[in-house]
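Input: a single structure, listed below in structure tokens.
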Amino acid sequence: MNNCKLYLAPMEEVTTYVFRQVLDDCFGGVDKYYTPFISPDQNKILKTRMGRELDPEHNKNLNTAIQVLTNNPEHFKDFSKIVSNLGYKEINLNIGCPSGTVVKKNKGSGMLRDLYSLERFLDEIFKNKSDDLEITVKTRIGIDESDDVSEILEVYNEFPISELIVHPRFQKQFYNGKVNLEAFEYIYNNAKMPVGYNGDIKTKDDFVHIVNQFAKVSSVMIGRGCVTEPRLFSFIKNDIDAGYDIEDKKVIRKFHDKLLDYYVSEYGPNDSVFKMKEFWSYYILNPAFKGKDLKPIRKVKTLSEYKSGIREIFYE
Ligand SMILES: Cc1cc2nc3c(=O)[nH]c(=O)nc-3n(C[C@H](O)[C@H](O)[C@H](O)COP(=O)(O)O)c2cc1C
């Protein structure tokens, strides 16, 4: 493999600290973990659900970057201090979230609607940047096709962003439709900072395809592909082809059981069932479950109902 680093993408409610710890414990292969976004616009952030992601105890032994969603330079500054004091080395600014409510508030990818405001915001946060915290950005390529990616990059290029991680879709696409590799190529060729790629990497071959096309890409970030196939990073790192025989199924099951146990210990049985069902909407796409669907767990509410449901998916 070249020098390209492998990052776990932030996915709200999915790539939680529970998921990150169990993934690292079972398979590893991840160079850096990104927390789902944290909105610092609330009091006592460390006590909130999002704040639990920040707890150093929950990120023990993992190389973790903290993602922030804000367009308020003061909030960014105060939150950066918290992040830095907790010992983290990187804060990642979310300029990608496509959700309507977020965009309406000019946050996430909504920041791309007004490049002048984006520039002023970046100017403020870099003016206040402390030496011991890197600032990276995760971005989309615009709101829709009418946006010019060169104008967006021109703004980013003014600032000492440590790495620009690009999900080459427009906000209007959400997570669907084709990734725009031409726009990515433009950024890759013209950015002044290291550029990472994110989007639709589901197999080792998808990864190889990207690094063959963009040999100097600094990182590849993977989200859904890893939730579906938790071994994906280790396959890429160790150049292993996926297998789906009975032994593989046992390994996949072991990962599942560890995840469930950890959720139960952190959130109690009922909330854990809810969280595991969210996870299964990706997991079920794993070829190990070919021909299966989520019916056995769709309506379950208790832990024992859940356990008998998944037995059906795994073994019947
Ligand atoms: C359910 C869900 C939650 C997400 N939450 C976040 C988030 O908190 N922060 C962020 O930057 N991106 C978030 N994303 C986007 C992913 O990080 C990633 O950019 C996107 O899924 C494309 O990569 P993939 O094809 O490897 O999944 C989320 C995506 C999904 C599907």
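The values are calculated or read from the model by the stated rules, or taken from the named source; none is laboratory data. The model shown is predicted, which means the values in this text are computed figures rather than measured ones. A quick note on method: Cβ atoms are made from the backbone with ideal geometry, for glycine too, and the neighbour counts reach across all protein chains shown. Calculation scope for accessible area: heavy atoms of the full protein, side chains included, ligands and nucleic acids excluded. Shrake-Rupley method; radii C 1.70, N 1.55, O 1.52, S 1.80 Å.
Remark: segment 207-308 is approximated by an ellipsoid whose semi-axes, taken from the C-alpha gyration tensor as √(5λ), come to 30, 15, 12 Å, largest first.
May I ask you to rank Tyr17, Tyr267 by accessible area, largest first, using a 1.4 Å probe over the protein chains only?
On the way: Tyr17 0, Tyr267 45 Å².
Descending order: Tyr267, Tyr17.
To put it simply, the accessible area of the chain at a 1.4 Å probe is 48 percent carbon and sulfur. In segment 246-315, with Lys and Arg counted as +1 and Asp and Glu as -1 at Cβ, which of these residues, Leu259, Ala288, Thr302, has the Cα nearest the positive end of the dipole, that is, farthest along it? With unit charges placed on the Cβ atoms, the residue in question is Ala288.
Of the whole protein surface, Thr139 contributes about 0 Å² of accessible area at a 1.4 Å probe radius.
Relative contact order of segment 155-216, please, whole-number percent, based on alpha carbon pairs below 8 angstrom and at least 6 residues apart. Present the calculation step by step, with values, prior to reporting the outcome.
On the way: 48 pairs, mean separation 24.0, N = 62.
So the answer I get is 39 percent.
What is the log10 of I(q)/I(0) for segment 42-170, computed with the Debye formula using one identical point scatterer on each Cα and no solvent, at q = 0.22 Å⁻¹? Log10 I(q)/I(0), no solvent term: -1.40.
Using unit Cβ charges (K, R positive; D, E negative) and no other charged atoms, how large, in debye to the nearest 20, is the dipole of segment 71-192 about its Cα centre? If you can, show how the numbers build up before the last one.
On the way: 16 positive and 20 negative charges, 110 e Å.
Dipole size: approximately 520 debye.
The lysines whose alpha-carbon is closer than 23 Å to the alpha-carbon of Lys292, local same-chain residues fewer than 8 away aside, are Lys202, Lys249, Lys250, Lys254, Lys258, Lys275, Lys277, Lys301, Lys307.
Which residue, Asp248, Asp131, Asp24, has the most motion in a Gaussian network model of the chain that connects Cα atoms within less than 10 Å? Greatest mean-square fluctuation among the candidates belongs to Asp131.
Considering only Gln173, Asn190, Ala65, and ranking their Cα positions along the charge dipole of segment 5-238 that arises from unit charges at the beta-carbon of Lys, Arg, Asp and Glu, the one farthest toward the positive end is Ala65. Charged side chains reduced to their Cβ positions (Lys and Arg at +1, Asp and Glu at -1) give segment 246-315 a dipole of some 260 debye around its Cα centre.
If you roll a 1.4 Å probe over the heavy atoms of the protein chains, what accessible area per residue do you get for the chain, in Å²?
Numbers: 14850 Å² over 316 residues.
Per-residue value: 47 Å².
Database remark: amide H of Gln67 closer than 5 angstrom to the amide H of Thr35, Ile38, Asn92 (H placed geometrically; neighbours at sequence offset of 5 or more, or on other chains; Pro and chain starts carry no H).
Could you work out the percent of alpha carbon pairs in the chain separated by over 37 Å, rounded to a whole number? Cα-Cα pairs of the chain separated by over 37 Å account for 16 percent.
What is the magnitude of the charge dipole of the chain about its Cα centre, with +1 placed on the Cβ of each Lys and Arg, -1 on the Cβ of each Asp and Glu, and no other charges, expressed in debye to the nearest 20? Dipole about the Cα centre, nearest 20: 1040 debye. Please build a GNM for the chain, connecting alpha carbons under 10 Å apart, and tell me which residue among Leu232, Leu69, Leu115 fluctuates the most. Largest GNM mean-square fluctuation: Leu115. Backbone geometry of segment 215-226 corresponds, through the Karplus equation with coefficients 6.51, -1.76 and 1.60 at θ = phi - 60°, to 3J(HN,Hα) couplings of 4, 9, 4, 6, 7, 10, 10, 10, x, 4, x, 7 Hz, x marking Gly and Pro. When only C-alpha pairs under 8 Å and at least 6 residues apart count, what is the relative contact order of segment 170-316, in percent? In percent, rounded to a whole number, it is 17. Just checking the listed ones, His256, His75, His209: in the Gaussian network model of the chain with Cα springs under 10 Å, the one fluctuating most is His209.
When both segment 1-79 and segment 84-140 are represented by their alpha-carbon centers, they are found 15 Å apart. Across segment 5-238, the relative contact order, built from alpha-carbon pairs under 8 Å that are at least six residues apart, equals 18 percent. Solvent exposure of Ser265, expressed as accessible area, is near 80 Å², computed with a probe of 1.4 Å over the protein chains only. With N the number of residues in segment 134-261, Rg(Cα) / (2.2 N^0.38 Å) evaluates to 1.22.
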